[in-house]
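The next block holds one structure in the form of structure tokens; read it before the comments.
The values are calculated or read from the model by the stated rules, or taken from the named source; none is laboratory data. Being a predicted model, the structure only gives us computed values, none of them experimental. When we count neighbours, we look across all protein chains shown, and the Cβ atoms used for this are built from the backbone with ideal geometry, even at glycine.
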């Protein structure tokens, strides 16, 4: 068993009243290893530090517990997955300028962003694997596993949302 650190963000079926009621329901459902953030009335972000056999099972059990505690909760995003250069720098303990140098000086081998814009966005696992394999940087394997699991969770959630939208269009 290992400890995996990740964040899950959910939309709620209806705005909640007292945030303490939400936190208590989550605790009773098994999310006693999470810190909850309730900045928006119809959203909740949970930062987990969970013991599990692997990152995927840690995220799956956490998501299941949240859905059991909060009827109608829908997963919006799992983190760490999509990151910009500043996010990467923070996660890795680098400066933003250092990450910019990697991205600029290592072209074309630096991973391609999944979104080109202001700012560009990458899958974290692509960058971590590049740093490990191309630059010989010691990267925590648990972070690679967690970022890959988060990307899988996000892809699955997006796929489910697309199926629902396709059904709506077909009607």
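Scanning region 49-60 for residues that are over 15 Å from residue 151 (Cβ atoms) and in contact (Cβ under 8 Å) with a residue 24 or more places away in the chain gives 49, 50, 51, 52, 53. Kindly indicate whether residue 101 is closer than 17 Å to residue 146 by Cβ and either in contact with a strand residue (DSSP E or B) (Cβ under 7 Å, 6 or more places away or on another chain) or free of Cβ contacts under 8 Å to residues at least 24 places away in the same chain (or both). It is false that residue 101 is closer than 17 Å to residue 146 by Cβ and either in contact with a strand residue (DSSP E or B) (Cβ under 7 Å, 6 or more places away or on another chain) or free of Cβ contacts under 8 Å to residues at least 24 places away in the same chain (or both). Quick check on residue 101: is it within 26 Å of residue 132 (Cβ to Cβ) and exposed (fewer than 14 other Cβ atoms within 10 Å of the Cβ)? Criteria met by residue 101.
Residues are listed down the side, and each one gets a yes or a no for (1) farther than 21 Å from residue 9 by Cβ; (2) without any contact (Cβ under 8 Å) to a residue 60 or more places away in the chain; (3) buried (at least 18 other Cβ atoms within 10 Å of the Cβ); (4) not assigned by TED's automatic domain parsing to the domain that holds residue 73:
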site: 112; (1), (2), (3), (4): yes, yes, no, yes
site: 122; (1), (2), (3), (4): no, yes, yes, yes
site: 149; (1), (2), (3), (4): no, no, yes, yes
site: 159; (1), (2), (3), (4): no, yes, no, yes
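When residue 41 is tested against (1) under 18 Å from residue 153 (Cβ atoms); (2) touching a residue at least 24 places away in the same chain (Cβ under 8 Å); (3) out of contact with any helix residue (DSSP H, G or I) (no Cβ under 8 Å at 6 or more places or on another chain), exactly one condition is not met: (1). Criterion applied to 49, 57 was being touching a strand residue (DSSP E or B) at 6+ places or on another chain (Cβ under 7 Å) and either farther than 17 Å from residue 31 by Cα or modelled with pLDDT of 95 or more (or both), and the one residue passing it is 49.
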